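Enquirer: This is the structure I have questions about; it appears just below.
The values are calculated or read from the model by the stated rules, or taken from the named source; none is laboratory data. As the structure is a computational prediction, the values presented were derived from the model and not from experiment. So basically every Cβ, Gly included, is an ideal-geometry build from the backbone, and we count neighbours across all protein chains shown. The accessibility values were calculated without ligands, DNA or RNA, using every heavy atom of the protein model including side chains. Shrake-Rupley method; radii C 1.70, N 1.55, O 1.52, S 1.80 Å.
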Amino acid sequence: MRRYDPQRRQRIIDAAIRVVGAKGIAGLSHRSAAAEADVPLGSTTYHFKTLDDLLVAALHQANEGFARAVADSPALADPQTDLAAALARLLGEFLAGDRTGVELEYELYLAALRRPALRPVAAQWYEAVATALTPRTDPATARALVAVMDGMSLQVLLTDAQYDEPYAREILDRVLRPSRPA
């Protein structure tokens with residue numbers, strides 16, 4: 001007799017995220033996700049026909065971190081707030097938070113380089129952050145801000161460097177107010 005389990009799909013996604021966090025993308029398989037979720041192997045292939053389908057679901061969930069923080073930030077919504085300072089602070093809070101979660105988010109995001117099925121999800125994340133910034137700046141500048149924050153985040157993650165909030169604020173401010181040639 002089949003047991004109804006409405007949370008099974010979500011448990012598999014959560015398990016996939018834990019597996020990627022512990023072993024990297026190379027360690028994720030339907031079998032490893034099933035074992036981590038404590039579900040039969042057939043459940044993973046029922047809910048996710050391919051491994052890319054499972055990775056897309058995991059990336060959707062992992063992408064909620066920084067994009068949601070930007071969208072929900074009251075400081076970013078306030079036109080009187082220094083946007084560069086608010087973004088630098090928010091980025092610092094994100095990077096100082098759950099390091100494993102941040103690394104996981106970027107690992108899944110960068111997996112789109114080799115897995116075309118993930119590219120639309122990575123693009124949605126990028127657009128969500130840029131769209132959240134457009135009430136404060138034009139769309140091109142919003143995309144430039146996202147690109148700069150991505151670069152700073154990757155530098156911190158890849159080099160184990162300390163996040164330098166004053167430096168980040170200065171660079172973000174330059175994007176917002178580029179110097180004009182004389």
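Enquirer: Output the residue which, of all residues in the stretch 64-111 that are more than 19 Å from Arg169 (Cα to Cα) and among the β-branched types (Val, Ile, Thr), is farthest from the chain's Cα centre (by Cα).
Expert: Thr100
Enquirer: Among the residues of the stretch 66-77, is there at least one that is loosely packed, with under 15 Cβ neighbours inside 10 Å and touching a residue at least 12 places away in the same chain (Cβ under 8 Å)? Walk me through how you get there before you give the answer.
Expert: Narrowing the stretch 66-77 to residues loosely packed, with under 15 Cβ neighbours inside 10 Å: 68, 72, 74-75, 77.
If we keep only those that are touching a residue at least 12 places away in the same chain (Cβ under 8 Å) as well, we get 75, 77.
Scanning the stretch 66-77, I find at least one residue that is loosely packed, with under 15 Cβ neighbours inside 10 Å and touching a residue at least 12 places away in the same chain (Cβ under 8 Å), so the answer is yes.
Enquirer: So, Gln124, is that one within 13 Å of the chain's Cα centre (by Cα), of a type in the set (S, T, N, Q) and open to solvent by 80 Å² or more (accessible area, probe 1.4 Å) or not? Lay out the reasoning, then the answer.
Expert: Values: within 13 Å of the chain's Cα centre (by Cα): yes; of a type in the set (S, T, N, Q): yes; open to solvent by 80 Å² or more (accessible area, probe 1.4 Å): yes.
When the stated conditions are applied, Gln124 passes them.
Enquirer: Among the numbered conditions (1) more than 23 Å from the chain's Cα centre (by Cα); (2) surrounded by 19 or more Cβ atoms within 10 Å (Cβ to Cβ), tell me where Ile17 comes up short.
Expert: Ile17 satisfies all of (1) more than 23 Å from the chain's Cα centre (by Cα); (2) surrounded by 19 or more Cβ atoms within 10 Å (Cβ to Cβ) except (1).
Enquirer: So, one more: Here are some residues: Ala67, Ala75, Ala71, Ala34. Which one is farther than 30 Å from Leu133 by Cβ and part of a helix (DSSP H, G or I)?
Expert: Numbers: Ala67 fails: farther than 30 Å from Leu133 by Cβ; Ala75 fails: farther than 30 Å from Leu133 by Cβ; Ala71 fails: farther than 30 Å from Leu133 by Cβ.
Ala34 is the lone residue from the list that is farther than 30 Å from Leu133 by Cβ and part of a helix (DSSP H, G or I).
Enquirer: Being of a type outside the set (A, V, I, L, M), without any contact (Cβ under 8 Å) to a residue 60 or more places away in the chain and open to solvent by 70 Å² or more (accessible area, probe 1.4 Å) narrows it down to one of Arg89, Arg119, so name that one. Don't jump to the end; show me each part of the working.
Expert: Working: Arg89 fails: without any contact (Cβ under 8 Å) to a residue 60 or more places away in the chain.
Of Arg89, Arg119, the one residue that is of a type outside the set (A, V, I, L, M), without any contact (Cβ under 8 Å) to a residue 60 or more places away in the chain and open to solvent by 70 Å² or more (accessible area, probe 1.4 Å) is Arg119.
Enquirer: Are any residues in the stretch 44-55 surrounded by 19 or more Cβ atoms within 10 Å (Cβ to Cβ) and either assigned to a helix (DSSP H, G or I) or among the hydroxyl-bearing types (Ser, Thr, Tyr) (or both), and if so, which ones?
Expert: We begin by selecting, within the stretch 44-55, every residue surrounded by 19 or more Cβ atoms within 10 Å (Cβ to Cβ); these are 44, 47-48, 54-55.
Scanning the stretch 44-55 gives Thr44, His47, Leu54, Leu55.
Enquirer: Name the residues in the stretch 22-31 that are part of a helix (DSSP H, G or I) and open to solvent by 40 Å² or more (accessible area, probe 1.4 Å), would you?
Expert: Selection gives Ala22, Lys23, Ala26, Arg31.
Enquirer: So in the stretch 92-109, with the set limited to residues that are modelled with pLDDT of 85 or more and open to solvent by 50 Å² or more (accessible area, probe 1.4 Å), which one is farthest from Asp72 (Cα to Cα)? Let's see the steps before the verdict.
Expert: Of the stretch 92-109, the ones modelled with pLDDT of 85 or more are 92-96.
When the remaining residues are screened for being open to solvent by 50 Å² or more (accessible area, probe 1.4 Å), the result is 93, 96.
Numbers: Glu93: 14, Ala96: 18 Å.
Only one residue tops the list, namely Ala96.
Enquirer: Would you call Val156 touching a residue at least 60 places away in the same chain (Cβ under 8 Å), closer than 25 Å to Ala15 by Cα, among the hydrophobic types (A, V, I, L, M, F, W, C) and open to solvent by less than 60 Å² (accessible area, probe 1.4 Å)? Outline the logic, then answer.
Expert: Numbers: touching a residue at least 60 places away in the same chain (Cβ under 8 Å): yes; closer than 25 Å to Ala15 by Cα: no; among the hydrophobic types (A, V, I, L, M, F, W, C): yes; open to solvent by less than 60 Å² (accessible area, probe 1.4 Å): yes.
Judged against the criteria, Val156 is not a match.
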